[in-house]
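The values are calculated or read from the model by the stated rules, or taken from the named source; none is laboratory data. Please read all numbers here as calculations on a predicted model, not as lab measurements. Methodologically, a virtual Cβ is constructed for each residue, glycine included, from the backbone with ideal geometry; neighbour enumeration extends over all protein chains shown. Keep in mind that these areas ignore ligands, DNA and RNA; they rest on the heavy atoms of the full protein, side chains included. Shrake-Rupley method; radii C 1.70, N 1.55, O 1.52, S 1.80 Å.
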Amino acid sequence: MTVDGLWIVGLGVFLFAMAISIGIASFYIGRRLAYPKVRTVEQAKNIELERTPDLFDEYLTWEKHSFWLPGPNGYEIRCHYVAHPGNEDQPYRKMVVVAHGFRHTHYGGIKYASLFRSLGYDVLLFDQRRHGETDGKNTTLGFREQHDVRAIVDHCFSRFGPRLQLGLVGESMGAATVLLAASGDPRLKFVVADCPFAELRTLAIHQIHTLHKLPTKPFVGLSSLFFYLFTGAFYRDVSPLRAVQGLQAPTLFVHGTADRTIPYLETVRLHEACVSPKRMVLYEGTKHAE
C-alpha cells in the first residue's frame, strides 16, 4: 500500500473512531437525563434530616394520609396529604400541591409544606414519575410528569369541590413541571416556580458545556435524539417557556444568582414571557434550590 493509501486508511479509522466517540457521549448524555440515578426514599429522608432537622421533626408531627392515585401514564402516583386543622370550618379550603426536584422524592417538599401550613394551607406532597415510590419507566423532566400533576389537581377538585383554592409549588424539575401543568388551567389560584429551567434544550446546552466540557454541536442534537428514543420527547418538546404564555394564575418566580445547575437567567426568560400576573425574586449569591 502506498503512503497516500495509508493516510486515507488512517484518516478513515480516525473519523470512524470520532463518530463512535461522539455517539457514545451523546448516548450517555441523553440517557443520564432519562434514567438518572435517583435517591431511594431512605436516602432522601436522610438528606432532609441532616439538612434541616428542625423541619423534619416538624414533619414527623403532621398527621398524614398516604394513598396511591391512578395516573394517566399507566402507573399509580404516591401521594401524601396533610390537612391543616381548622380548614374544614373555612368558607374556602386553601391547599397547595408541591412537586420535588430531579432525583429527589416528596421529602424535598417539606420546607415548602412547612411554609404553607404556617399560612393555613393543606398540603399534598407526591413522588414524581420514576422517583421515590412512584413507578414509571423513565424521567421526562416535565413532558409526561405534567399530566400526573394535572391528575392530582383533578383529584383535589373532585374531592373538595369548588370551595377549593388550590396552588402549585415546584422546585427545579418540579418547577418546570408545575409551569407546564398550570398552563391553560383557570382553576388554579397561584403558581410558585423555584429555580426552574425555561427550555430543556437550553438546560442541556448548559450542562453539556459545564458538566461534560463539550461543544454544543453535534452533542445537543444527537443527545436529544437519544432522549427521544428513551422517552418519546425531544428536548424541544419540553418548554416551560411556551407554557407560561398560557398561564392564567398569578405566578411567583424564585431563583438564586449563584445557581450553576440551572442558570438564573432561565427564570428571567420565563418571567419576561409570562402573561399572567407575575413577580420575580432573585437571591444574590444563592445556589441551586437554596
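Would you mind working out the magnitude of the charge dipole of the chain relative to its Cα centre, with +1 at each Lys and Arg C-beta and -1 at each Asp and Glu C-beta, to the nearest 20 Debye?
My answer is approximately 560 debye.
Would you please give the residues with an amide H less than 5 Å from that of Asp122, counting only those at least 5 places away or on a separate chain, with H modeled from the backbone geometry?
His84, Lys94, Met95, Val96
Would you calculate a helix-derived [θ] at 222 nm for the chain, using -39,500 (n - 2.57) for each DSSP H run of n ≥ 4 and dividing by the full residue count, to the nearest 500?
Counting only the DSSP helices, I get -14000 deg cm²/dmol.
Please grab the % of Cα pairs in segment 100-237 that end up more than 23 Å from each other. List each step's numbers first, then the result.
Working: 3617 of 9453 pairs.
Every Cα pair in segment 100-237 considered, those over 23 Å come to 38 percent.
Expressed as a rounded percentage, what relative contact order does segment 77-149 have, with Cα pairs under 8 Å and six or more residues apart?
Once divided by the residue count of segment 77-149, the mean separation gives 38 percent.
In terms of solvent-accessible area of protein heavy atoms at a 1.4 angstrom probe, what is the ranking of Arg260, Arg269, Arg129, Arg279, highest value first?
Arg260, Arg279, Arg269, Arg129
Could you tell me the relative contact order of the chain? Use alpha-carbon pairs under 8 Å, at least six residues apart, and round to a whole percent.
17 percent
Quick one: order Arg236, Arg159, Arg93 from most to least accessible surface, probe 1.4 Å. Show your work: numbers first, answer last.
Values: Arg236 150, Arg159 115, Arg93 10 Å².
Largest accessible area first, the list is Arg236, Arg159, Arg93.
Glu50 to Lys189: extension gain in nm, 0.36 nm per residue of separation minus the Cα-Cα distance?
Full-extension gain reported as 46.7 nm.
Based on the mean of other beta carbon atoms within 10 Å per residue, what is the order of 61-68, 151-158, most packed first? Could the numbers behind the result be given before it?
Working: 61-68: 11.4, 151-158: 17.1.
Top to bottom by mean Cβ count within 10 Å: 151-158, 61-68.
Share of Cα-Cα pairs in segment 156-215 beyond 19 Å, in percent? Walk me through the numbers before you get to the answer.
Working: 813 of 1770 pairs.
Percent of Cα pairs beyond 19 Å in segment 156-215: 46.
Taking the Cβ of Val268 as the center, what net charge do the other residues with Cβ under 15 Å away carry, scoring Lys and Arg +1 and Asp and Glu -1?
Counting the neighbours of Val268, the net charge comes to -3.
Give me a comma-separated list of calculated 3J(HN,Hα) values for segment 133-142, in order, Karplus coefficients 6.51, -1.76, 1.60 applied at θ = phi - 60°, integers in Hz, x for any Gly or Pro.
So the J values, rounded to whole Hz, are 8, 7, 7, x, 7, 7, 10, 10, 6, x.
Which whole-Hz ³J(HN,Hα) couplings does segment 277-290 yield from phi under the Karplus relation 6.51 cos²θ - 1.76 cosθ + 1.60, θ = phi - 60°, glycine and proline marked x?
Result, ordered by residue: x, 8, 8, 10, 10, 10, 9, 5, x, 8, 8, 5, 6, 10 Hz.
Residue by residue, what Karplus-based ³J(HN,Hα) values in Hz, rounded to whole numbers, does segment 259-269 have, using 6.51, -1.76 and 1.60 with θ = phi - 60° and x for Gly and Pro?
Going residue by residue, I get 5, 9, 7, 10, x, 5, 5, 4, 5, 4, 4 Hz, with x marking Gly and Pro.
Quick query: amide H of Ala289 versus all other amide H atoms, modeled in the peptide plane; which residues come in under 5 Å with a sequence gap of 5 or more or a different chain?
The answer is Gly256.
Enter the Cα centre distance for the pair segment 267-290 and segment 36-80, rounded to the nearest angstrom.
If we compute the Cα centre of each part, the gap is 26 Å.
For the full complex of protein chains and a 1.4 angstrom probe, list Leu265, Leu203 by accessible area with the highest value first.
Of Leu265, Leu203, the descending order of accessible area is Leu265, Leu203.
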